[in-house]
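Values quoted throughout were computed directly from the atomic coordinates according to the rules given, and no laboratory measurement underlies them. Keep in mind that what you see is a predicted model, and the values were worked out from it rather than measured. Methodologically, a virtual Cβ is constructed for each residue, glycine included, from the backbone with ideal geometry; neighbour enumeration extends over all protein chains shown.
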């Protein structure tokens with residue numbers, strides 16, 4: 001029983017990380033119909049910022065990672081995606097791959113492709129005992145940070161003017177603009193929010209793994225993207241749920257599969273994904289108004 | 001017109017999609033507080049005309065002057081800020097947002113929160129059914145209610161002129177009565193209207209002036225009473241498609 005609770009805690013925290021990553025992708029897809037694989041590089045660059053600022057006070061490191069996540073998100077939007085605003089989704093997708101590769105290679109050029117150790121907040125690796133169950137402090141922090149970000153994002157979308165404009169634009173961008181919603185502002189906001197989510201994921205993943213390397217973001221994003229698809233592309237609750245389920249699923253399989261087939265757990269995750277898409281091709285929580293675009 | 005210049009003045013407007021010319025050299029004016037209607041069959045270019053005025057599609061040629069300022073080259077988002085609102089064909093309400101949220105988006109350009117709330121309450125008093133459903137997703141409303149919502153949403157920007165594209169399309173005749181009642185009220189508030197309709201009979205009752213559009217051009221124009229009595233009206237309306245139109249009628 002205790003062991004099961006520990007596995008569950010692990011699954012919850014990994015699920016949260018994927019949920020946050022999937023939300024970052026879902027936000028951009030919602031307003032722009034862009035599947036932004038360069039979201040991974042936001043995570044990677046934030047992580048390298050932590051490396052660069054290592055040794056400075058914690059608030060400086062966190063602020064730096066956040067600033068780089070937001071600034072890079074805005075810069076990619078301005079330089080790569082804004083000129084393609086009215087291009088079809090395939091063009092956008094391919095350009096996001098281009099941006100992703102460019103940033104990855106740039107990083108390799110600047111700092112090399114070797115994995116680098118980063119002993120960031122090792123105290124969070126400590127185990128704490130909660131009613132007989134030993135949990136890693138980081139797992140609790142990860143789930144707590146995710147909940148705070150989810151609640152904050154929901155509040156922003158539900159209770160602010162800009163949030164309402166983003167939801168309207170996600171459903172029918174042209175009509176939103178006819179009503180005076182500024183496309184540039186809404187899209188920049190979505191990118192800034194995705195940068196915040198990426199920076200948060202970056203900090204948590206660096207604490208968890210203790211290493212940084214140029215491909216770390218892309219690996220996360222590919223799995224999280226699968227989550228946004230099974231959740232329902234374009235739907236934010238769907239993205240969060242799908243990302244969460246993929247993370248939880250892979251951890252549970254890792255723990256529960258017999259050891260000799262554990263190496264194939266990803267295959268089992270994708271079988272699950274294939275089944276979801278077979279029976280619910282629109283995703284678990286389909287997006288409203290996705291088909292209807294003037 | 002010898003007095004002040006018209007609120008909207010369109011001259012020589014053309015719209016092209018690739019090799020297809022949807023609107024060719026159209027001249028149109030709408031005066032302050034006036035109701036002008038453009039009628040014509042499906043595919044005549046009416047929607048393209050409104051889309052060009054609203055800045056949704058670029059004009060290939062011509063000038064659009066609204067309240068003394070040229071509109072060409074203005075961003076799509078700017079048009080409504082200048083006082084020109086559009087209710088597009090098919091209504092385009094935000095189905096997943098609530099009735100109230102749809103209305104609030106209509107007030108995007110306004111900064112007076114109190115005034116917006118007062119305007120929304122007034123609308124809910126006039127249309128109590130929409131008031132009761134203010135927290136429901138707008139996609140659950142009936143077609144007629146959605147059309148009323150779409151018009152109210154456009155009005156929340158406090159426009160000087162409202163453009164309506166096929167407000168009666170797909171609605172039962174009694175429902176259309178309700179929609180046109182609202183159009184009449186909008187007019188009574190001093191808002192100028194440019195109404196595009198296939199349903200010509202509907203607009204003869206309310207319009208000051210009517211243009212007949214066919215194959216991208218205005219074939220006839222004048223006061224509503226003149227046009228209604230004009231023996232050329234049917235031919236102008238149906239244009240070259242006359243045979244198709246009568247042939248396909250039940």
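Relative to the longest principal axis of the Cα atoms of chain B, the long axis of helix B:173-188 makes an angle of roughly 80 degrees.
Could you give the angle, 0 to 90 degrees to the nearest 10, between helix B:113-126's Cα long axis and the longest principal axis of the Cα atoms of chain B? Approximately 70 degrees, to the nearest 10. For the range A:1-36, the residues whose backbone nitrogen is under 17 Å from a point 7 Å from the Cα of residue A:133, taken along Cα to Cβ, are A:1-16.
Can you tell me how the range A:1-111 classifies by the Cα gyration tensor, rounded, prolate or oblate, using a/c under 1.5 as the rounded cut? Since a/c reaches 1.5 but b/c is at least a/b, the shape of the range A:1-111 is classed as oblate.
Report, in degrees rounded to the nearest 10, the 0 to 90 angle that the Cα long axis of helix A:137-159 makes with the longest principal axis of chain A. The answer is roughly 20 degrees. With the simple model of a label 7 Å out from the Cα in the direction of the Cβ, residue A:184 to residue B:235 spans 5.3 nm. Here the range A:136-200 and the range B:36-53 have alpha carbon centers that stand 38 Å from each other.
When the chain is fully extended, how far beyond the present Cα-Cα distance does residue A:256 get from residue A:94, taking 0.36 nm per residue of separation?
Numbers: separation 162, 0.36 × 162 = 58.32 nm, distance 3.75 nm.
That pair, residue A:256 and residue A:94, stretches by 54.6 nm at full extension.
A simple packing score, the average count of other Cβ atoms within 10 Å per residue, orders the peptides A:262-270, A:129-137 as A:262-270, A:129-137, with the highest score first. In terms of other Cβ atoms within 10 Å, B:24, B:153 run from fewest to most in the order B:24, B:153.
What shape does the range A:116-166 have by the C-alpha gyration tensor, where a ≥ b ≥ c are the square roots of the eigenvalues, rounded means a/c under 1.5, and otherwise prolate means a/b greater than b/c and oblate the rest? Walk me through the numbers on the way to the answer.
Details: a/c = 6.20, a/b = 2.05, b/c = 3.03.
Verdict is oblate for the range A:116-166.
What shape does the protein assembly as shown take by its C-alpha gyration tensor, where a ≥ b ≥ c are the square roots of the eigenvalues and a/c under 1.5 counts as rounded, a/b above b/c as prolate, and the rest as oblate? Can you show the working numbers first?
Values: a/c = 2.50, a/b = 2.33, b/c = 1.07.
In terms of gyration-tensor shape, prolate.
Counting Cβ atoms of other protein chains within 10 Å of each Cβ in A:169-177 and taking the mean gives 6. The gain in end-to-end length when the residue B:67 to residue B:122 segment is fully stretched comes to 17.0 nm, 0.36 nm per residue minus the alpha carbon separation.
Quick one: length gained pulling residue A:222 to residue A:266 fully straight, 0.36 nm per residue minus the C-alpha distance? Let's see the in-between values first.
Values: separation 44, 0.36 × 44 = 15.84 nm, distance 1.21 nm.
Going from the current span to full extension adds 14.6 nm.
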